[in-house]
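Have a look at the structure below before the remarks.
The values are calculated or read from the model by the stated rules, or taken from the named source; none is laboratory data. What you see is a predicted model, and the numbers here were worked out from it, not measured in a lab. All Cβ positions, glycine included, derive from the backbone under ideal geometry; neighbour counts span all protein chains shown. Accessible surface areas use protein heavy atoms only, side chains included; no ligands, DNA or RNA. Shrake-Rupley method; radii C 1.70, N 1.55, O 1.52, S 1.80 Å.
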Amino acid sequence: MNRNLMLGSLCAATLLTACQSSQSTDKTRTDTNTIRLITLDPGHFHAALVQKTMYEGVDSTVRVYAPDSQGSGPSDLQLHLDKIQGYNSRADNPTRWKEDVYRGSDFLANMLATKATPGDVVVMAGNNRLKTDYIAQTVGAGFNVLADKPMVISASNFDKLKDAFATAGQKNVLLYDIMTERYEITTMLQRAFSQQAALFGTLEKGTPANPAVTKESVHHFYKNVSGSILTRPAWFMDVAQQGEGIVDVTTHLVDLVQWACFPEQSLDYQKDIRLTSARRWTTDMTLSQFKAITKQASFPDYLRKDVVKDSVLRVYSNGEINYQLRGVHAKVSVTWAYKAPEGAGDTHYSIMRGSKANLIIRQGAEQQYKPTLYIEPVAGNSSLEASLKSVLPAVQKAYPGIDVKKTGAGWEVIIPEKYKEGHEAHFGRVMEKYLTYLKAGSMPAWEVPNMIAKYYTTTQALELAKKAQ
């Protein structure tokens with residue numbers, strides 16, 4: 001069936017009560033007018049966040065394929081189902097998902113044996129050790145795939161991911177990753193103002209010591225998600241399964257550099273990327289801290305390789321990449337702390353340096369840990385105010401209600417509350433965008449080569465960082 005027509009007659013999602021079955025019995029789908037979600041081996045809370053809202057034309061029954069529970073503590077699957085049930089039972093705008101669950105060691109084979117239809121979308125967010133294999137087999141079987149980052153965590157599997165994109169094209173299915181940070185309003189406005197040449201000028205080339213673009217993020221193992229303290233699976237702290245920080249969260253930052261500096265342009269990973277340097281370092285976690293976030297009384301055997309003094313776990317969750325993208329020097333870095341200071345949370349810092357002005361996102365104590373965008377003139381530019389007045393109407397047309405106010409160093413962009421959705425809501429935005437791609441039958445031409453370029457950058461940077469130690 002032509003996917004351009006596939007969503008033309010989408011029906012509203014059927015309102016069903018939440019329940020589970022021990023076996024998934026519907027092996028053949030004949031109705032291709034409805035999108036049906038399939039969750040494969042959910043192990044990260046991002047798998048549930050995709051279902052924090054309902055979507056028009058998406059079946060409310062979700063097929064889930066997962067292994068049997070193993071080890072101590074709550075299983076990954078149960079944690080996932082508990083979050084879905086929380087969304088279904090909340091007082092404000094409850095969802096109505098029904099989880100049709102298959103449990104068994106043959107969960108992947110069982111899913112692949114199901115006849116794929118153009119409306120089947122497999123959501124992957126969990127243990128990353130086998131994710132690239134899951135992606136390759138799933139698109140090979142004719143399923144669309146919406147995968148959480150990272151799609152690949154090692155240079156040795158990069159070619160397998162690249163081949164999976166080629167297979168997806170041959171099978172006429174869409175393989176896409178969940179880039180939530182493109183929907184953070186300060187990031188969107190930073191990109192929008194950078195395209196106003198009268199204000200920003202042209203993007204600087206920069207140097208390794210003073211990059212044209214810098215993006216830094218700070219994350220925390222202990223955090224609140226959907227109103228409760230997040231229970232993390234123990235394997236989340238194993239870089240062989242989750243991936244090191246330099247190939248995990250850094251994926252978002254590399255994506256934003258590409259997306260903001262070269263909007264809607266296809267990048268060639270073999271020609272446009274040149275790594276300068278990379279480094280990695282650990283976050284140390286005590287056994288008591290580990291217990292608090294995993295609900296497990298001891299370190300599992302697979303983490304023993306990273307435990308020192310029998311009580312401190314060392315996690316290579318931090319990384320920094322210095323590189324050139326089409327000659328533009330960029331630096332991205334991610335740091336994981338155990339817990340944020342009181343009143344704080346994950347934070348982000350970003351700067352894009354133009355020939356006329358700098359666009360800076362700050363999220364520190366002065367900003368009450370809320371991301372805030374500033375526009376500051378470069379030395380010698382005395383016409384920023386006039387330039388800002390001339391370009392502001394164009395940005396306001398795209399983002400009604402935004403404004404600016406004078407600061408000591410330049411201008412602060414004032415953003416109405418309606419745009420400040422929060423990180424969890426961005427998963428719904430990604431899904432909505434993905435559904436428009438399904439309706440169109442294709443993604444923009446730049447998306448696939450830029451995903452390949454992004455994962456080439458992160459996986460090669462990890463290799464470089466290891467060699468540097």
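A quick yes/no check of all residues on (1) at pLDDT 95 or above; (2) on the phi > 0 side of the Ramachandran plot; (3) crowded, with 20+ Cβ neighbours inside 10 Å:
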{"site": "66", "(1), (2), (3)": "yes, no, yes"}
{"site": "75", "(1), (2), (3)": "no, no, no"}
{"site": "113", "(1), (2), (3)": "yes, no, no"}
{"site": "139", "(1), (2), (3)": "yes, no, yes"}
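In region 399-415 there is no residue matching the filter, namely being touching a strand residue (DSSP E or B) at 6+ places or on another chain (Cβ under 9 Å), among the β-branched types (Val, Ile, Thr), open to solvent by less than 20 Å² (accessible area, probe 1.4 Å) and over 13 Å from residue 189 (Cα atoms).
Residues are listed down the side, and each one gets a yes or a no for (1) open to solvent by 60 Å² or more (accessible area, probe 1.4 Å); (2) touching a residue at least 60 places away in the same chain (Cβ under 8 Å); (3) of a type in the set (A, V, I, L, M, F, W, C):
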| site | (1), (2), (3) |
| --- | --- |
| 443 | no, yes, yes |
| 448 | no, yes, yes |
| 454 | no, yes, no |
| 469 | yes, yes, no |
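Being under 26 Å from the mean Cα position of the chain (by Cα), touching a residue at least 40 places away in the same chain (Cβ under 8 Å) and either under 30 Å from residue 140 (Cβ atoms) or open to solvent by 30 Å² or more (accessible area, probe 1.4 Å) (or both) is the filter here, so list the residues in region 94-106 that pass it. Passing the criteria: 96, 97, 98, 99, 100, 101. The single condition from (1) more than 22 Å from residue 131 (Cβ to Cβ); (2) touching a strand residue (DSSP E or B) at 6+ places or on another chain (Cβ under 9 Å); (3) in contact (Cβ under 8 Å) with a residue 24 or more places away in the chain that residue 316 fails is (1). Within region 326-383, being in a loop (DSSP other than H, G, I, E, B), in contact with a Ser or Thr (Cβ under 9 Å, 6 or more places away or on another chain) and of a type outside the set (Lys, Arg) holds for 340, 346, 355, 363, 364, 369, 371, 378, 381. Of all the numbered requirements in (1) in contact with an Asp or Glu (Cβ under 9 Å, 6 or more places away or on another chain); (2) within 27 Å of residue 79 (Cβ to Cβ); (3) of a type outside the set (S, T, N, Q); (4) open to solvent by less than 30 Å² (accessible area, probe 1.4 Å), residue 357 misses one, and that requirement is (2).
You will find that of 66, 109, the residue that is touching a Leu at 6+ places or on another chain (Cβ under 8 Å) and either free of Cβ contacts under 8 Å to residues at least 60 places away in the same chain or more than 29 Å from residue 238 (Cα to Cα) (or both) is 66 and no other.
Residues that are crowded, with 18+ Cβ neighbours inside 10 Å, more than 22 Å from residue 367 (Cβ to Cβ) and touching a residue at least 60 places away in the same chain (Cβ under 8 Å): does region 179-193 have at least one? The answer is yes, given that some residue of region 179-193 is crowded, with 18+ Cβ neighbours inside 10 Å, more than 22 Å from residue 367 (Cβ to Cβ) and touching a residue at least 60 places away in the same chain (Cβ under 8 Å). With respect to (1) touching a strand residue (DSSP E or B) at 6+ places or on another chain (Cβ under 7 Å); (2) modelled with pLDDT of 95 or more, the lone exception for residue 106 is condition (1). Among the residues of region 115-128, those identified as in contact with a strand residue (DSSP E or B) (Cβ under 6 Å, 6 or more places away or on another chain) and crowded, with 16+ Cβ neighbours inside 10 Å are 119, 120, 121, 122, 123, 124. Selection of region 261-271 for residues being open to solvent by 50 Å² or more (accessible area, probe 1.4 Å) and closer than 13 Å to residue 324 by Cβ yields only 271.
Taken over region 432-453, the criterion of being of a type in the set (Ser, Thr, Tyr) and over 18 Å from the mean Cα position of the chain (by Cα) is satisfied by 436, 442. In region 409-424, the residue that is farthest from residue 118 (Cα to Cα) out of those that are modelled with pLDDT of 95 or more, in a helix (DSSP H, G or I) and not basic (Lys, Arg) is 417. For residue 202, indicate whether it is at pLDDT below 95 and either hydroxyl-bearing (Ser, Thr, Tyr) or touching a Cys at 6+ places or on another chain (Cβ under 6 Å) (or both). Answer is no for this residue. Residues that are open to solvent by less than 30 Å² (accessible area, probe 1.4 Å) and within 19 Å of the chain's Cα centre (by Cα) were ranked within region 321-332; the one that is nearest to residue 302 (Cα to Cα) is 321. Could you grab me the full set of residues in region 317-358 that are among the β-branched types (Val, Ile, Thr) and at pLDDT 95 or above? 321, 328, 332, 334, 335, 351 - these are the residues of region 317-358 that are among the β-branched types (Val, Ile, Thr) and at pLDDT 95 or above.
Residue count for region 425-454 under the criterion of being part of a helix (DSSP H, G or I) and touching a Phe, Trp or Tyr at 6+ places or on another chain (Cβ under 6 Å): the result is 6. What is the residue count in region 208-244 for residues that are touching a strand residue (DSSP E or B) at 6+ places or on another chain (Cβ under 6 Å), closer than 17 Å to residue 275 by Cα and either of a type in the set (Gly, Ala, Ser) or surrounded by fewer than 19 Cβ atoms within 10 Å (Cβ to Cβ) (or both)? Number of matching residues: 2. Please determine, by comparing only the residues of region 361-378 that are within 21 Å of the chain's Cα centre (by Cα) and charged (D, E, K, R), which one is nearest to residue 410 (Cα to Cα). Only one residue fits best here, namely 362. Set side by side, the residues 279, 274 differ, and just one is open to solvent by 30 Å² or more (accessible area, probe 1.4 Å), touching a helix residue (DSSP H, G or I) at 6+ places or on another chain (Cβ under 7 Å) and basic (Lys, Arg), which is 279. Counting only residues that are touching a Lys or Arg at 6+ places or on another chain (Cβ under 8 Å) and among the charged types (D, E, K, R), region 274-320 holds 4 of them.
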